[in-house]
1. Here is a check on your reading of the model: is E253 out of contact with any strand residue (DSSP E or B) (no Cβ under 8 Å at 6 or more places or on another chain) and away from ligand 2 (no atom under 12 Å from the Cβ)?
2. Do you know which residues across region 79-108 are in contact (Cβ under 8 Å) with a residue 24 or more places away in the chain, closer than 22 Å to A129 by Cα and either in a loop (DSSP other than H, G, I, E, B) or away from ligand 1 (no atom under 16 Å from the Cβ) (or both)?
3. Considering only region 126-141, state which residues are without any contact (Cβ under 8 Å) to a residue 60 or more places away in the chain and within 11 Å of the chain's Cα centre (by Cα).
4. So which residues in region 58-73 are without any contact (Cβ under 8 Å) to a residue 60 or more places away in the chain and either under 28 Å from T22 (Cα atoms) or more than 13 Å from ligand 1 (Cβ to nearest atom) (or both)?
5. Restricting to region 196-212, and then to whatever is touching a strand residue (DSSP E or B) at 6+ places or on another chain (Cβ under 6 Å) and of a type outside the set (D, E, K, R), can you tell me which residue is farthest from ligand 2 (Cβ to nearest atom)?
6. Would you point out the residue of region 107-128, among those that are away from ligand 2 (no atom under 16 Å from the Cβ) and open to solvent by less than 20 Å² (accessible area, probe 1.4 Å), that is nearest to G91 (Cα to Cα)?
7. Which of the residues belonging to region 109-125 are in contact (Cβ under 8 Å) with a residue 60 or more places away in the chain and assigned to a strand (DSSP E or B)?
Amino acid sequence: MYKLASKQLGSAQSAIRVAGITFGGGGFTTIAGPCAVENRAQIHGTAQFVASQGAQMLRGGAYKPRTSPYAFQGLGDEGVRLIAQAKRDAGIPCVVEALSEAELPVLCEYVDMLQIGARNMQNFSLLRAAARTGKPVLLKRAASATLEEVLYAAEYILVEGNPNVVLCERGIRGFDPQTRNVFDLAGALRLKELTHLPVIADPSHATGRASLIEPVVLAAAAAGLDGAIVEVHPNPAAALSDADQALDFPAFERLMRRLDSILSETVPNIPLTACR
Ligand code: PEP
Ligand code: MN
C-alpha cells in the first residue's frame, strides 16, 4: 500500500510550499514558461511576462526528453544557469526537469523544484535520488500509468523523507492523433480522492494544441485541481520544441484573466466532492 501518499480518512489535503509559493492550499497555482530554454532573451522575456500576468512559477527545460535523438536536446547546464538568472530577475521560483541523476547537483544549485517527467515516472533510482536532494518534486504521470502506479512512484519520494511532492496529470496515451494525449480530468479528480498530495494539470502536453490550453485550464480550475503548468513562448512558430502547443503572450494574458474570473466564482465557496 502507498501509505504515505494515500489520503487517510479525515486527513487534510497537504499544502506544499516551494520557495514562498504554495500548491494545495486551496488556491490554484500557475506555472508557466517555455518547453525549453533556448537563449537568454527568450527565457528572460518569457519570465518577465508570465510573472507580470500572475504566474507564480517559471518553467523551462534544459535537458529535454525528445522522441528523436536528432531533435533539439536542450541547452543542458547552460540552460539551467539561464533560467536561474531569469527567475531571479522576475522574482518567481522555477522548476526544471531532471532527466538523470547526473544533472541533480547542477539543478540543486540553481532551481527551486525538480520535475520528474512522464518518461521517468518509474525510474526508481532517479526518484530516490531526487527525493534525497530535499528539493520539492513535481512528478508527472507517465502516459500509460495507472493512478496506483502514480501513487507508488510518489511513495518512492515520500519514503525517503521528502514530503514535498506535487502530482501532475499530463495526458494519457489514446488512439486519436487529434490530441497529443487524452487529458484525464476524471483521473486527476480520482487521484485527489486517493491522495493528500496536490494535483495539477498540464494541458500543453495533454492536448498538444495551443487552442485547447485555455479551456482545459479553466476546466481544471473549475473542477478543483490545485494548479496548472502551461507552455508559453514569445514566438511559438519559432519554438525549438513543442511549437504547436505553446501559448503566445496575448493568449497567456487572456488565460490568466479568465482564470481569475473562474476562480473568484468557484474555488472558495463550492465544496467539491473531489477536494474533500
Ligand atoms: C515537459 O514538461 O517539458 C515534458 C517533457 O513533459 P512530459 O514529461 O509530461 O512529457
Ligand atoms: Mn514540452
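The values are calculated or read from the model by the stated rules, or taken from the named source; none is laboratory data. Just so it is clear, the structure is predicted and the values come from calculations on it, not from any experiment. Cβ atoms come from the backbone with ideal geometry, glycine included; neighbour counts cover every protein chain shown. We work out accessible area using only protein heavy atoms, side chains counted, and drop any ligands, DNA or RNA first. Shrake-Rupley method; radii C 1.70, N 1.55, O 1.52, S 1.80 Å.
1. So E253 fits the description; yes.
2. Going residue by residue through region 79-108, those that are in contact (Cβ under 8 Å) with a residue 24 or more places away in the chain are 79-87, 89-101, 103-104, 106-108.
Filter again for closer than 22 Å to A129 by Cα, leaving 79-81, 84, 93-101, 103-104, 106-108.
Residues satisfying the conditions are R81, A84, P93, A98, L99, S100, E101, L104, V106, C108.
3. V137, L139, R141
4. Kept after step one, since they are without any contact (Cβ under 8 Å) to a residue 60 or more places away in the chain, are these residues of region 58-73: 58, 60, 62-63, 65, 67-70, 73.
Answer for region 58-73, where residues must be without any contact (Cβ under 8 Å) to a residue 60 or more places away in the chain and either under 28 Å from T22 (Cα atoms) or more than 13 Å from ligand 1 (Cβ to nearest atom) (or both): L58, G60, A62, Y63, P65, S68, P69, Y70.
5. L197
6. V111
7. Of region 109-125, the ones in contact (Cβ under 8 Å) with a residue 60 or more places away in the chain are 112-113, 118.
Residue satisfying the conditions is M113 alone.
Conditions tested, residue by residue: (1) open to solvent by less than 10 Å² (accessible area, probe 1.4 Å); (2) free of Cβ contacts under 8 Å to residues at least 40 places away in the same chain; (3) farther than 27 Å from V37 by Cα; (4) out of contact with any helix residue (DSSP H, G or I) (no Cβ under 9 Å at 6 or more places or on another chain).
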site: L158; (1), (2), (3), (4): no, no, yes, no
site: I172; (1), (2), (3), (4): no, yes, no, no
site: F175; (1), (2), (3), (4): no, yes, yes, yes
site: R190; (1), (2), (3), (4): no, no, yes, no
site: H205; (1), (2), (3), (4): no, no, no, no
site: L212; (1), (2), (3), (4): no, yes, no, no
site: P215; (1), (2), (3), (4): no, yes, no, no
